[in-house]
Amino acid sequence: MPRCVSWPDWAVGNRAIAVRLAAVLIALAATRPAAAASHTWSGSVDGTWSNAANWSAGGADGRLLVDAFIDGLAAHLAPGGRALMTHNSYIGVDRTRAAAARHGLSCDVRLSILVYVPEEKLALMTPSIVQAEEGRSLYSYGPYTFGEIHIVEFGAPDA
């Protein structure tokens, strides 16, 4: 008969459960090729890869989506409220912290994990970012590539 294991006292009523659940969901989602969430190169403005107008949704590196999320977040958090977000390491956690601070929000990395990046997704990433991040936030082991993903917690100040 399996043993019943309870959560340690420090985890009860703590954010640890939410952070662990988010990490599991990220790991599960990352095992499937991304479809609609990928950024697509159109080149409709000019031939510059770093020009966000040439990309769908989040721009060349995803900052457009992250920055828009942060810009609107303070209006949706109650005093002392918290929000969790998955965050690719290669788009710059320091830039995210600075954006959050401009809106009076705290920003802390609660968990970092490596997730498999399917070849289809890797092929859609901006080549200069892939090259710059190899060995920093993207790691290749034989034919497999893994990316560092963070669970970032934003917090509104207490009233």
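The values are calculated or read from the model by the stated rules, or taken from the named source; none is laboratory data. Just so you know, these numbers come straight off a predicted model, no measurement behind them. For neighbour counting, all protein chains shown are included, and Cβ atoms are generated from backbone atoms with ideal geometry for every residue, glycine included.
Going residue by residue through segment 122-135, is there one that turns out to be in contact with a Ser or Thr (Cβ under 9 Å, 6 or more places away or on another chain), within 27 Å of Ala156 (Cα to Cα) and modelled with pLDDT of 60 or more? Looking through segment 122-135, none of the residues is in contact with a Ser or Thr (Cβ under 9 Å, 6 or more places away or on another chain), within 27 Å of Ala156 (Cα to Cα) and modelled with pLDDT of 60 or more.
Beta carbons closer than 6 Å, at least 6 apart along the sequence or on distinct chains, pair a first residue in segment 99-127 that is of a type in the set (D, E, K, R) with a second that is buried (at least 16 other Cβ atoms within 10 Å of the Cβ) and outside any helix (DSSP H, G or I) for Asp108/Glu153; Arg110/Ile151; Arg110/Glu153. Selection over segment 137-159 of residues that are charged (D, E, K, R) and either crowded, with 19+ Cβ neighbours inside 10 Å or in contact with a strand residue (DSSP E or B) (Cβ under 8 Å, 6 or more places away or on another chain) (or both) gives a count of 2. Just one of (1) part of a helix (DSSP H, G or I); (2) at pLDDT 85 or above; (3) loosely packed, with under 12 Cβ neighbours inside 10 Å fails for Gly104. It is (1). When the residues of segment 128-145 are filtered to those that are free of Cβ contacts under 8 Å to residues at least 12 places away in the same chain and part of a strand (DSSP E or B), the one that is nearest to the chain's Cα centre (by Cα) is Glu134. Here Val115 meets each of (1) out of contact with any Asp or Glu (no Cβ under 6 Å at 6 or more places or on another chain); (2) among the aliphatic types (A, V, I, L, M); (3) under 21 Å from Asp67 (Cβ atoms) with one exception, condition (3). In segment 146-159, the residues that are farther than 11 Å from Arg110 by Cβ reach residues that are among the β-branched types (Val, Ile, Thr) and crowded, with 20+ Cβ neighbours inside 10 Å with C-beta atoms within less than 9 angstrom, at least six apart or across chains, in these pairs: Phe146/Val117; Gly147/Val117.
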